[in-house]
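Structure first, commentary second.
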Amino acid sequence: RFHASPGLLARRRSDEPFGLKTPKREKYVKRESKMQPPVEAPYVHPKPKRTTKSLPDRTIDIFEGMTIGELAKHTNESISTLQEILVNVGEKFDSEFDTLSIDIAELVAMETGVNVRRLHSNEGAEIFPRPAVVTVMGHVDHGKTSLLDALRQTSVAAREAGGITQHLGAFVVSMPSGASITFLDTPGHAAFSAMRARGAAVTDVVVLVVAADDGVMPQTLEAMSHAKAAKVPIVVAINKCDKPAADPERVKVQLASEGLLLEEMGGDVQVVEVSAVNKTGLDNLEEALLLQADLMDLKARIDGPAQAYVVEARLDRGRGPLATAIVKAGTLVCGQHVVVGAEWGRIRAIRDMMGNLTDKAKPAMPVEIEGLRGLPMAGDDIIVVESEERARMLSAGRKKKYEKDRLRKIDEGRTEAPEPSEDVPERVEMPIIVKADVQGTVQAVTDALKSLNSPQVFVNVVHVGVGPISQSDVDLAQACHACIVGFNVKNPPTSLSQAASRASIKVKIHRVIYHLLEDIGNLIVDKAPGTFETQVAGEAQVLNIFELKGRSKSKGDDVKIAGCRVIDGRVTKSSTMRLLRSGEVMFEGSCVSLKREKQDVDTVGKGNECGLVIGDWDDFQIGDVIQCLEQVNRKPKFISSESGAVRIEC
């Protein structure tokens, strides 16, 4: 019925063939079975658009209830980047106006590479008065601990090694008036600068103790600068007023000349004259502290999660990591999950400073908490979190951030290291392993040892730890040829000491920081390669000139001999000779022959006569001076000042 024109049929033939169409062959791809288990891939955070070298070390403020948009503005990141991080962290969100908890905000901010500072608000919370936290600061041996002993009627100073404080202690003192004050006792030695800075950071009032017979010293000025940096008011206690050489007026003039505005001179800094030995003036000191606390109107919230500050941390063999902390706000309750720096844990027990168990710790109360998984750093903040999962997550995020920052600093240090030049002498490395009783002391000893670095010896602290010296420390020391330094730790067992001696490992155990630094300083001086200097060992004056003529060809040409008398030191044949004429250097060369009374000798002493021949020089004149030069290896010196500061002088 249907007819197709020949033209259309021809067009169809040319376009496509008749019959069934065969599909084109494509590359066979095997489909993944739905029954396969999902692959557990580790989370890889998005690559930052900036390089780590150009990334500034910024710190941003975060707070509870922060929105995603606000966090993006603070971190200078796009909202999409933050949302991607939130998905990986496991948080759900709907829009950029969703609020975040302070813990999640910190996690997200750390992923972007910035440091965070937590801001806590007291809005809606009931605020009550709290006791003052007072830090006692001053120069070493000015009587800080003795003054606290007089206030507490105890004798801590008598039990301390070397008679000086080497830890940071916290005590609650009940005053006769009924008020209680929390005291922090800081070390005064130059090595414990970081401890004094921590004491000033957590305190309300600083008591600056100055000895009436000694006056203002280096650590006194340093304590003043720490207090000013922390914007903390100062109360001056002039101690040792019972001594015959005491001169409180001179101390006041010195303090005023250093910029401290005393009350007697129209300022606002109270000055109290006390004697810790005779217990005089303590009432006036108490009155001054309570007056200063009243002026500051110290209050804190008691309800809600606690904010606390780690003052000291140590490792106990039976109880594990212990942290001494002061509560700043809220109430720390036994059983809570906490994050302390990069460590986390569940509070197993809370003890007061007398060692008694307590269920909770209120503001300005120093306590010792146990139950942490690792040893925190002194100066870390204690944060209470709602669950173990959140604590683990926050701790892991902080550890990753700390490690990233540490590697970045090492990388920057390598790129900034100058190329070694020919003039600079070779620097010898001295690896050291530091073990101490508490975390703060470890840090102080490490900083003090690093201050002994010199152009000739580099002090490399390869490992630090809290607790006694163990077999692993000896193994590490043997691997890197290190010296083990133990501070305030028990002597290692005999088997460990013998193993160390067999491996030629030096183990130094000390209880006083003076002796430790002096011992290590002498070790550094011994290990230093030293610098070679040319030194005049002796001088001889030419009295006559003798000439040997007619020598055979085998013995060489004519020789001129300088007949000399040694006028200073000694002349040695193996040394270099320098010829001076009228004070000018004419020639330097080696001594070919040195004779005394026709006998070949190696050395001629002062007052003796000799004949010597200098190679390649025969133009002697009567009155010339010949100097004997020697190469002397000059070692660096270990110098310790009266203030306790030490250094290596090359």
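The values are calculated or read from the model by the stated rules, or taken from the named source; none is laboratory data. Please read all numbers here as calculations on a predicted model, not as lab measurements. Glycine also receives a Cβ, built like all others from the backbone with ideal geometry; neighbour counts cover every protein chain displayed. Side chains included, ligands, DNA and RNA excluded: accessible areas come from the protein's heavy atoms. Shrake-Rupley method; radii C 1.70, N 1.55, O 1.52, S 1.80 Å.
Quick notes on this structure:
- The residue that is nearest to the chain's Cα centre (by Cα), among those in the range 323-341 that are part of a strand (DSSP E or B) and surrounded by fewer than 23 Cβ atoms within 10 Å (Cβ to Cβ), is I326.
- No other residue among V462, V457, V466, V489 is in contact with a strand residue (DSSP E or B) (Cβ under 8 Å, 6 or more places away or on another chain), surrounded by fewer than 18 Cβ atoms within 10 Å (Cβ to Cβ) and not assigned by the TED database to the domain that holds D316 apart from V462.
- Selection within the range 350-388 - assigned to a loop (DSSP other than H, G, I, E, B) and within 30 Å of the chain's Cα centre (by Cα): M353, P363, A364, M365, R373, G374, L375, P376, M377, A378, G379, D380
- Per-region count, the range 232-253, residues within 13 Å of H142 (Cβ to Cβ) and either part of a loop (DSSP other than H, G, I, E, B) or not hydrophobic (A, V, I, L, M, F, W, C) (or both): 5
- Within the range 593-624, the residues that satisfy the criterion of being assigned to a strand (DSSP E or B), open to solvent by 50 Å² or more (accessible area, probe 1.4 Å), over 22 Å from Q535 (Cβ atoms) and in contact with a Lys or Arg (Cβ under 9 Å, 6 or more places away or on another chain) are D600, E609.
- All conditions but one from (1) open to solvent by less than 50 Å² (accessible area, probe 1.4 Å); (2) at pLDDT 75 or above; (3) not hydroxyl-bearing (S, T, Y) apply to G644; the one that does not is (2).
- The set of residues in the range 242-271 being within 35 Å of the chain's Cα centre (by Cα) and open to solvent by less than 70 Å² (accessible area, probe 1.4 Å) consists of V251, K252, Q254, L255, A256, G259, L260, L262, V269, Q270, V271.
- Residue check: L295 meets all listed conditions (1) touching a Pro at 6+ places or on another chain (Cβ under 9 Å); (2) open to solvent by 70 Å² or more (accessible area, probe 1.4 Å); (3) not in a helix (DSSP H, G or I) but one, namely (3).
- For the residues A325, A288, A306, the requirement of being under 30 Å from G397 (Cα atoms), out of contact with any Gly (no Cβ under 7 Å at 6 or more places or on another chain) and in contact (Cβ under 8 Å) with a residue 24 or more places away in the chain singles out A325.
- Complete set of residues in the range 299-314 that are more than 30 Å from V442 (Cβ to Cβ) and surrounded by 17 or more Cβ atoms within 10 Å (Cβ to Cβ): A300, R301, I302
- Spans of strands (runs of 3 or more DSSP E) in the range 129-187 with at least 2 residues acidic (D, E) and either assigned by the TED database to the domain that holds R314 or modelled with pLDDT of 80 or more (or both): none
- When the range 210-223 is filtered for residues that are open to solvent by 10 Å² or more (accessible area, probe 1.4 Å), among the aliphatic types (A, V, I, L, M) and not in a loop (DSSP other than H, G, I, E, B), only L221 remains.
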